[in-house]
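Asker: Structure in structure tokens, see below.
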Amino acid sequence: MYQDKPYENLRFGLYARKSEEDKKRQIQSIESQIDVLNECAEREGIKIVKRYEDCASAHKPNNRKNFSQMLQDINDKKIDAILCWKADRLARNHIEGGMVMHCLEKSIIKMIKTPYKTFLPIDNNLPLTIEFGMANQYSRDLSVNIKRGNSTKVKNGGWCHVAPYGYINNRLEKTIEKDPERFEMIRKMWDLLLTGEYSMKKICDIANNDWGYRSRKNRPMTTGSIHALFNKPFYYGYIKSGENSGWGNHQPMITYEEFHKAQEIMKAKGRKAHTNDKEYTFSGIMRCGECDAAITAETKVKYNCPKCNKKQTAKHPKKCICGYELTYSDVAKGKFYTYYLCSNGKTPCSQKVSRKEDLTDQFEAIIKQITINHSFVEWAKKWLDFTESYAIEDRMKKQKRKEKEKKTLELQRSNLIDMRMKNEIDGILFKEKKDTLEYKIEQIECSLREKSNAIEKTKECIEFIEGLNNRYKMASSKSKKHILLKLLSNPILMDKKVHGKAKKIYIELKSFNIHEISVIEPPKSLSMKDLEAKQEELFQRWCYISSLTEKM
């Protein structure tokens, strides 16, 4: 069938794809691909029953709706073969590439046809494997090159995105310049904010209605856009782009001091401006002991109207019944209360709210129980240094064994490829054995890249709980949360009581009886023969504690 009339009775699906970043490449545009493929179909007598188009990258799996639909139609036997511009149009990742190759090998796909090549189930699948592999590597190299280029550009003061409001991109010079129409208008918006008398909505109304502001796409300003604008360090000259940051070459619109003053003003106008617990310390670290929902927090406030002395509880200013217009300053003078409660709003939960002060005392009691002193730290580090000498030696031996095993597997893979090139092994068996060998090689490479730093992690754990009680009391709300997240293992709140333990490694460290064993020092000699019974017991215990850090 394939030799005499290769396309007879085959129902082809035409697949065309263009990446979003490929807009300037006409040869890879969807329109150009379809024209070329239609000409190929007419010339070769190919019957196209359905057309599939995607405008998305093939580097990420499950990123293309119509590609997935095409595979579904193939499995449903609505189409038999695929016509595409090149194999890299089908897949640039191993998962989807493997799916296509599997369907081809099992004759679920009867043929993959391009204007220049034909892939059949009976063919050697090595060329198709190479094409998919090259496409995948191209995408990976492209990603690395783009990230490196962006990083260099930011370090040199450049900007990698569309210019913010008030600036324009100079595409010839690859720089950011002042927008002659809008720069001064945006600067005046900053001036309005810095007075502290205008809300976001008011600034938006003035810009759109009084000044006639319109963006380069002829769109008015929105309150959301203004809020984002006032949070950009770009306007005082500092650039943040992903993980890269640095001072830009563009002309700043405001000063560093003006920017931070603006942030304070926005905080004062925001919903969290006047609470005395801006960072809820205990939210996000506990779950409800009854329904397993997350524990959240809320703040209440009580204050009096300055004019009639009537009690108020609204967190946002409103008009008192006496006619007095309450202000944020009046609210700020009140007394704030923070409560923690179950966030479950779907099913009944009988748990009552807990006061911040009660939870604070309970968490401080837990931390006090796990804190260790400086004398223990110094003694523990001596034993860890002694333990590390053996860990390094053992690791080196394991590494040599793995490197030797890797060389053996690579030799087997090379021999397997030679056998396939000489047709001494069929394609299906070759692929199975090759995939198995490459999987084993990859596992060994991963293990070789992983450097065991269990001893260093253990030292960090010791330093973390050294004097933790005093450090916790002096910490900010945000820092307290970080401490609790690092220290505790799945705490729950039940009947206003915190139920939870520290992680196992911290419990083991605290469990040492310092008065009895701190006098037992590690031997000066590194020979295991010199270890006495008590010393050997301690050595084994430190090895066990260090192993716990691998599970953290």
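The values are calculated or read from the model by the stated rules, or taken from the named source; none is laboratory data. What you see is a predicted model; the values in this text were computed from it and never measured. Cβ: placed from backbone, ideal geometry, glycine included. Neighbour counts: every protein chain shown. With ligands, DNA and RNA removed, areas are computed over all heavy atoms of the protein, side chains included. Shrake-Rupley method; radii C 1.70, N 1.55, O 1.52, S 1.80 Å.
Asker: Given a Förster distance of 51 Å, report the FRET efficiency between K368 and Y116 from their Cβ-Cβ distance, rounded to the nearest 0.05. Let's see the in-between values first.
Answerer: On the way: r = 74 Å, r/R0 = 1.46.
Calculated value: 0.10.
Asker: Just to check I understand the Karplus step: with θ = phi - 60° and J = 6.51 cos²θ - 1.76 cosθ + 1.60, what whole-Hz values come out for the range 430-436, glycine and proline as x?
Answerer: The phi angles translate into 4, 5, 4, 5, 5, 4, 5 Hz.
Asker: I've got another one for you. Near H374, within a Cβ-to-Cβ distance under 15 Å, what is the net charge of the other residues, with Lys and Arg +1 and Asp and Glu -1? Write out the running numbers ahead of the final one.
Answerer: Values: positive: K381, K382, K459, R471, K510; negative: E378, E463, E466.
Spelling it out: positives minus negatives among the neighbours equals +2.
Asker: Determine, from the Cβ-Cβ distance of K473 and K60 and an R0 of 35 Å, the FRET efficiency 1/(1 + (r/R0)^6), rounded to the nearest 0.05. Intermediate values should be presented prior to the final figure.
Answerer: Working: r = 47 Å, r/R0 = 1.35.
Between K473 and K60 the formula returns 0.15.
Asker: Given axes a ≥ b ≥ c from the Cα gyration tensor, I'd like to know whether the range 48-125 is rounded (a/c under 1.5), prolate (a/b larger than b/c) or oblate.
Answerer: On the way: a/c = 1.37, a/b = 1.23, b/c = 1.11.
Rounded, since a/c falls under 1.5.
Asker: Any idea of the accessible area per residue across the range 174-245, 1.4 Å probe, to the nearest Å²?
Answerer: Values: 4070 Å² over 72 residues.
About 57 Å² of surface per residue is accessible.
Asker: Right, next: Search the structure for amide H atoms under 5 Å from the amide H of Y52, placed 1.01 Å from N in the peptide plane, and list their residues when 5 or more places away or on another chain.
Answerer: The list, which skips near neighbours in sequence, is L14, Y15, A16.
Asker: Follow-up. Under 5 Å between amide H atoms, partner at least 5 residues away or on a different chain: which partners does M111 have, H built in plane at 1.01 Å?
Answerer: So M111 has HN proximity to I82.
Asker: How much length is gained on full extension from D205 to N75, taking 0.36 nm per residue of separation minus their Cα-Cα distance? Don't skip to the answer; put the middle values down first.
Answerer: Details: separation 130, 0.36 × 130 = 46.80 nm, distance 5.68 nm.
The span from D205 to N75 would gain 41.1 nm if fully extended.
Asker: Right, another one. Rounded to the nearest 0.05, what FRET efficiency do I30 and L411 give with R0 = 45 Å and r taken as the Cβ-Cβ distance? Could you check?
Answerer: Numbers: r = 46 Å, r/R0 = 1.01.
Here the calculated transfer efficiency is 0.50.
Asker: If you don't mind, there's one more thing I want to ask. Past 21 Å, Cα to Cα: identify those pairs from K368/K480; K400/K431; K302/K473, in the order given. Before the final figure, lay out the partial values.
Answerer: Numbers: K368/K480 14 Å; K400/K431 29 Å; K302/K473 27 Å.
K400/K431; K302/K473, as the Cα separations exceed 21 Å there.
Asker: When the chain is fully extended, how far beyond the present Cα-Cα distance does N423 get from I95, taking 0.36 nm per residue of separation?
Answerer: 115.4 nm
Asker: Between E177 and H499, what length in nm is gained on full extension when 0.36 nm per residue of separation is reduced by their alpha carbon distance? Walk me through the intermediate numbers first.
Answerer: On the way: separation 322, 0.36 × 322 = 115.92 nm, distance 5.79 nm.
Residue separation times 0.36 nm, minus the Cα-Cα distance, leaves 110.1 nm.
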